[in-house]
Structure formats: structure tokens, C-alpha cells
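Here, each number is a calculation from the coordinates, and none is a lab measurement. This structure is a prediction, so every number in the text was calculated from the model and none was measured. Here the Cβ positions follow ideal geometry from the backbone for every residue, glycine too, while neighbour counts run over all protein chains shown.
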Amino acid sequence: IGYCILITYGFCLLCKQVKNKKLLAAALLGLLLINVRRCIIRSNQWRSEEQLFRSALSVCPLNAKVHYNVGKNLADNGNQSAAISYYREAVRLNPKYVHAMNNLGNILKEKNELHEAEELLSLAVQIQPDFAAAWMNLGIVQNSLRRYEEAEKSYWTAIRHRKKYPDCYYNL
């Protein structure tokens, strides 16, 4: 609204000083059309999460949260392979981004890249010791690596941080 008031005020001031009012009106109409077009383009970017996050990526390419959101959107839509690079970039941009580490660790676990998944999940729980989901996922990876005692400790740690955690009880 402030932008519109500013343009109207400026237009009124210019009308008092400019003799060719038709040219001034044409310039104002052109400015209005440019802004309507920009509004339409931006509205189209909000039609889907993927378009929104990708447009945010073009505006903020060094923002870890934006890379995380693109990766999560890709993973949620079944494109785990493409999500990996976005999660990796999120972790590179913010080395303490535990949710990106957890999600990347889960994808790597599914791809049977268990050692890298374990490294990421171990780092995530080091950074945020009360991150129950990461503890459970670490336990799943340790179980897959046949390190059952470590897995059990990880599950119990997850349960200590989230008392009602049926998935974790199931994994025990």
C-alpha cells in the first residue's frame, strides 16, 4: 500500500510540473503494467512447493534452509537421488544443520551406504544430543551393520528423549 501511495503522490507532484500530461499518464500506465506482470510471474511461482523453493534458490543460493527445502520436496516426491545433492549442499553451507544430516542419512541408509549414513547421524546426535529421530535412525543403521548392542543403546537414547515413540519401540 505504501508503494501505491508513494507513486500517487509522485504522480500528483509531477502533474503540477510537467506540461505533457499524456506522456506522464503513459509512463504511469507502463509502470503499472510492469508491476502487474511481475505480480503474475511471482504468483505462478507460488503454485507448487517445488517452484516456490526453486525460485527461492535463485534468490538465496547460499541459504542452507532453501537447499534443505528443495531436497525435502524432491525426496517427498520420490526423487531421493536428486535430493541428495541438495541435502549435501545444505550441510556444506551449515555444518550444524542436523535435520539435513538426518534426512541425508536416511536416504543413504536406503541406498545401502551405511557407513556414510552412520557418520552423518552420529554427527547429528553429537551436535544435538536430544534429537530423538536421529538417534532412532542411527540405531537402524547400526542394526543394519549388525552392531546390535550399539543399536539398542541408540534406540533407548531416542526413547529417553521422546517417551512416546512407537517406531522406536518397534525397532527394539
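If you take the residues of the stretch 95-119 that are part of a helix (DSSP H, G or I) and polar (S, T, N, Q), which of them is surrounded by the fewest Cβ atoms within 10 Å (Cβ to Cβ)?
Checked the stretch 95-119; the qualifying residue surrounded by the fewest Cβ atoms within 10 Å (Cβ to Cβ) is 106.
Restricting to the stretch 129-158, name every residue that is aliphatic (A, V, I, L, M) and under 20 Å from residue 99 (Cβ atoms).
Across the stretch 129-158, the qualifying residues are 132, 133, 134, 136, 138, 140, 141, 158.
Just one of 70, 36 is out of contact with any Lys or Arg (no Cβ under 6 Å at 6 or more places or on another chain) and either within 30 Å of residue 120 (Cβ to Cβ) or touching a residue at least 40 places away in the same chain (Cβ under 8 Å) (or both); which is it?
Exactly one of 70, 36 is out of contact with any Lys or Arg (no Cβ under 6 Å at 6 or more places or on another chain) and either within 30 Å of residue 120 (Cβ to Cβ) or touching a residue at least 40 places away in the same chain (Cβ under 8 Å) (or both), namely 70.
Can residue 102 be described as within 30 Å of residue 123 (Cβ to Cβ) and in contact with an Asp or Glu (Cβ under 7 Å, 6 or more places away or on another chain)?
no
Residue 143 versus (1) outside any helix (DSSP H, G or I); (2) farther than 30 Å from residue 61 by Cβ: which is the lone unmet condition?
For residue 143, the failing item is (1).
Only one residue in 96, 65 is closer than 30 Å to residue 38 by Cα, charged (D, E, K, R) and touching a residue at least 12 places away in the same chain (Cβ under 8 Å), so which one is that?
Residue meeting the stated conditions: 65.
Among the listed residues 144, 122, identify the single one that is surrounded by fewer than 19 Cβ atoms within 10 Å (Cβ to Cβ) and under 27 Å from the mean Cα position of the chain (by Cα).
122
Restricting to the stretch 55-94, and then to whatever is under 11 Å from the mean Cα position of the chain (by Cα) and among the hydroxyl-bearing types (Ser, Thr, Tyr), can you tell me which residue is surrounded by the most Cβ atoms within 10 Å (Cβ to Cβ)?
Looking at residues that are under 11 Å from the mean Cα position of the chain (by Cα) and among the hydroxyl-bearing types (Ser, Thr, Tyr), I get 87.
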